[in-house]
Amino acid sequence: MSYSKNTDAKWQKKWAETGLYKYDEQAKGDKLYCLEMFSYPSGASLHCGHWYNFAPMDTWTRFKKMQGYNVFHPMGFDAFGLPAENYAIKTGIHPKDSTLKNIDTMTKQLIAMGANYDWNYSLNTCDEEYYKWTQWIFVQLYKKGLAYQKEAPVNWCPSCQTVLANEQVKDGHCDRCDSLVVQKNMKQWFFKITAYADELLEKIDGLNWPEKTKKIQKNWIGKSHGSLITFDIDNGTQLKAFTTRADTLYGLSYVVIAPEHPAVAGLTKPECKEAVEKYVADAAKVKEIDRLSTERERTGVFTGSYATNPVDGRKVPVWVADYVIASYGTGFVMAVPAHDERDYDFAVRYKLPITRVIVDKDGNEQSLPFCDHGRLTDSQEFSGMTTEEAIPAIVAKLAKEGKGELTTMYRLRDWLISRQRYWGAPIPMIHCPHCGVVPVPESDLPVKLPYDVEFRPDGESPLKRCPEFMNVKCPVCGADAQRDPDTMDTFVDSSWYFLRYPDAHNDKEVFNKDKIDRMCPIDMYVGGQEHATMHLLYARFFTKALRDMGYLDFDEPFNALVHQGMILGPDGQKMSKSKGNTINPDIYVDKYGADAVRLFFEFAFSYTDGGPWSDSGIESMARFIKRVESLFEKEKTLTDAGAVMTEKEKELDFVRNSTIKAVTHDLNLIQFNTSLARMMEYLNALTGYMNGPVNKAFLDECLKTYVVLLAPFAPHLAEELWEAMGQPYSVFNQPWPSVNAQALVKDTIQMAVQVNGKVRGQLTASVNDSKEQLIEKALQVDTVKKFIGDTPVKKAIVVPNKLVSLVV
RNA sequence: GCGGAUAUGGCGGAAUAGGUAGACGCAACAGACUUAAAAUCUGUUGGGACUUUGCUCCCGUGCCGGUUCGAUUCCGGCUUUCCGCACCA
């Protein structure tokens, strides 16, 4: 017998035939819902990133099953999306055809990996059975007021020919194709994620997530405490400004409005009209390009209008400037150049007054702009107060006239979900000339995505060109109406898939409430960190919205979260086709077997770090497998020296039990690399033991322990060894070994002896030695004597089982 | 610019309620087997010193300092690389 890819095939077949992976909801053991982020079948096959995400977690879930948990571990496909569509445009192959073919290939690869998914619980987001419920959720959100349409400046990717959510724009570029994103005013569908901003922020602290991810998400939500201050404008209107520094109000020198703000036209005096209109038009054109420059000059124009500072009645000019963001706060800000860098630069450029109203806490005048908190000066009755005292005081004064209030503001914007693309779930809304926007009745769902459509994008949704799809009767009045031609962002599909798995084939409801409440939240969720402000945020929002609509009873979808690291090319660079450093894992599976590839990914780096692919690394894993096999081969040739437990047997038993202890501990912490290091040490100990006379019955027990411990890591090899030992199928029905505490107690211990903090010698201690006896022994060590000489020992510290430290 | 992380042999990486730094593996070198090579097995392997080659000594976890009998681990200040955000008022 020799492990190879044939071994893989043999056991994969047997596992499938015997239903080893079948999930039984009624089975004994605590439920453990473990999930990896499902894969995107845009490429033709699984790549190293998938393998690194899935294979080690397969090991982990197998371990948990052996520990007695009732593990639910499904897998599906995030099948809609731009890459499949772009591939279709390039090749002419319909996205549905390529996607289904890729899903088929990837499923086979996952099976070839040895992954223990129960495919009866699988799902695929481009399946009508699935997107029917995606649309159903859209309708519920609409009815709840959480889905709405608005005309707004949106991010437009000219290459993908679609709008994008804020979260999908990185450095002003499209997250998918890297094209420069431009701004466009369009009427689009939004989900009101901001309604949950507070809860999304607060509940994050209770989650067992990586701290960094929590921080990224918190910053993205970006709560800030401040005040809304109302300004009277000389055209008779009022505008509110959001500020975190109401204490600087006496230093006001002008106010600024964003170019996209609807009030701009009304503010502009005839003599300024030409300049303002030109500025607004230019701002729209160059804005996104210039945003990339951090050295960008702040520009603006005067509108001709004046605003009144509500705190002292002074008039200040109203400017238009594109350093004000229309979509944050009110799009209108108060400018205090002395205490804000941006306002300072702007004031210097346009020769606007700069008035100091804050000094530092000690009363010293710092150089301007001085942006720290401090103490007020030249601020009437508020002079002398600190920033912290002055803010509520000034707002209270303004509040009497209805011109000030404390408030909070969020950086988070509502989630724009319309996409002018073909390959997604159609938005289930109908536009009727009489009734306006009407949701598709639930009984008419799904709104099927038509197959025969010219899907090349031209800035309008491809579905618009499909009259059979577009033309519909209004469900309310029966008049001729039009469907919404857009499809939903694919992040909508993935915002609830984990809720569908436990009840994947329910055709009556989105999911059964009892079932979902029993199975969720997810106990362990594993996927890339790049989803921190996208999928992981959207999924939390969906869970909360569905909870508030009564469909489930928990607050958070993912109790624990782990990010696997990234696998790099052999050159240490990110894998990419253009660099030519990609690795196809299939080739290695074919050559060395799935277990060798699994072991490589698990042993070569810490799971959360990842690292470069290495051919010699994978060869070393193949070598490890051979060493394990030859050990078991050798065992058959040994003769029994009798059932005696000598020091050698005790030593091996010590290693066996400390291996069980360490592997269990490290696997619980998702530390595959150190677990396997312990397995190698145990292998080395077995090899050493088998060079001498052996107690066969005892050795047999040690080898059985070895196979059971190895099983989650190298499942095919372990089944083969288990069978070869004459043990009944399957090794995965074996309980996880427990530690015999007795075996870990040693009679004598090696301890270090330190003199003034430096190790100078070793001593052999007996477990029963008292502190005094240990110190006495330490003083007798030759090398220690040399360093102490005649100097008296001032102090002696004993660290049990570790060392004796002498201070002279 | 702000925020977060990171730094350990030739390489991947171990070890932190402060306690023998370098586990485990790779690569390298030497030996065994072989006509030879590969494979396999065994051994050595952080750097340096030696008029005691040793159960020897000195140095060593990015840099500088501090606390401690003792610091990879804690504190203060830098530097590097990576990541997140980036006119958020």
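The values are calculated or read from the model by the stated rules, or taken from the named source; none is laboratory data. All of these numbers come straight from a predicted model, not from anything done at the bench. Every residue, glycine among them, receives a Cβ derived from its backbone with ideal geometry; neighbour counts consider all protein chains shown. Surface accessibility is based on the protein's heavy atoms, side chains included, excluding ligands, DNA and RNA. Shrake-Rupley method; radii C 1.70, N 1.55, O 1.52, S 1.80 Å.
Count the lysine pairs in region A:622-662 whose Cα atoms sit under 19 Å apart, keeping only pairs 8 or more residues apart in sequence or on different chains.
So the count of such lysine pairs works out to 4.
Cβ-Cβ distance of A:R411 and A:A560, R₀ of 45 Å, FRET efficiency by 1/(1 + (r/R0)^6): the value works out to about 0.95.
Can you sort A:D345, A:D489, A:D517 by solvent-accessible area, 1.4 Å probe, largest first? Each step should come with its number before you reach the end.
On the way: A:D345 75, A:D489 5, A:D517 45 Å².
Sorted descending by solvent-accessible area, the residues read A:D345, A:D517, A:D489.
Taken along the Cα-to-beta-carbon direction at a fixed 7 Å, the label points for A:I216 and A:S766 span 5.8 nm. Roughly how tilted is helix A:82-91, in degrees to the nearest 10 and between 0 and 90, from the longest Cα axis of chain A? It is inclined by approximately 90 degrees.
Computed with a 1.4 Å probe over protein heavy atoms only, the accessible area of A:K786 comes to about 150 Å². Label sites at A:V799 and A:E776, each approximated as a point 7 angstrom past Cα along Cα to Cβ, lie 2.5 nm apart. For region A:556-576, the residues whose backbone nitrogen is under 19 Å from a point 7 Å from the Cα of A:N506, taken along Cα to Cβ, are A:556-558.
Check the straight Cα-Cα distances from A:K785 and name the aspartates and glutamates below 13 Å, setting aside those fewer than 8 residues away within the same chain. The reachable aspartates and glutamates, counting only those whose Cα sits under 13 Å from A:K785, are A:E776. Helix A:341-350 and the long axis of chain A differ in direction by around 30°, with both axes built from C-alpha atoms. Please find the FRET efficiency linking A:T639 to A:L744, where r is the Cβ-Cβ separation and R0 is fixed at 30 Å, and quote it to the nearest 0.05. Once rounded, the FRET efficiency stands at 0.50.
Accessible area per residue, 1.4 Å probe, Å², for chain A: what's the number?
Working: 35150 Å² over 808 residues.
With all protein chains present, chain A gives 44 Å² per residue.
With contributions of -39500 (n - 2.57) from each DSSP H run of at least four residues, the per-residue ellipticity at 222 nm computed over chain A stands at -11500 deg cm²/dmol. Placing unit charges on the Cβ atoms of the charged side chains and taking the dipole of chain A about its Cα centre, the candidate lying farthest along the positive direction among A:N559, A:A275, A:W51 is A:W51.
If R0 is taken as 25 Å, the Cβ-Cβ distance between A:D30 and A:N120 corresponds to a FRET efficiency of 0.70. Okay, which of region A:169-205 sit inside 17 Å, backbone N to the point 7 Å along the Cα-Cβ direction of A:V437? Counting only backbone N, you get A:185-195.
Surface composition of chain A: carbon and sulfur make up 51 percent of the accessible area, probe 1.4 Å. The accessible-area ordering, largest first, of the residues A:R296, A:R62 stands as A:R296, A:R62, per a 1.4 angstrom probe. When the Cα positions of A:A662, A:G789, A:L35 are compared along the charge dipole of chain A, A:G789 comes out farthest toward the positive end, with charges on each C-beta of Lys, Arg, Asp and Glu.
Across the protein chains, with a 1.4 Å probe defining accessible surface, the residues A:F302, A:F491, A:F601 rank A:F302, A:F491, A:F601 from largest area downward. Of the whole protein surface, A:S367 contributes about 90 Å² of accessible area at a 1.4 Å probe radius. In terms of the mean number of neighbouring beta-carbon atoms within 10 Å, the peptides A:92-100, A:769-777 order highest first as A:92-100, A:769-777. Relative to the longest principal axis of the Cα atoms of chain A, the long axis of helix A:672-689 makes an angle of roughly 10 degrees. Charge dipole (Cα centre; +1 on Lys/Arg Cβ, -1 on Asp/Glu Cβ; no other charges) of chain A amounts to roughly 760 debye. Each 10 Å bin from zero up to the one holding the largest Cα-Cα distance in chain A carries the following percent of pairs: 2, 11, 16, 18, 16, 14, 11, 7, 4, 1, 0.
Exposure check, 1.4 Å probe, all protein chains in place: A:R411 carries approximately 100 Å² of accessible surface.
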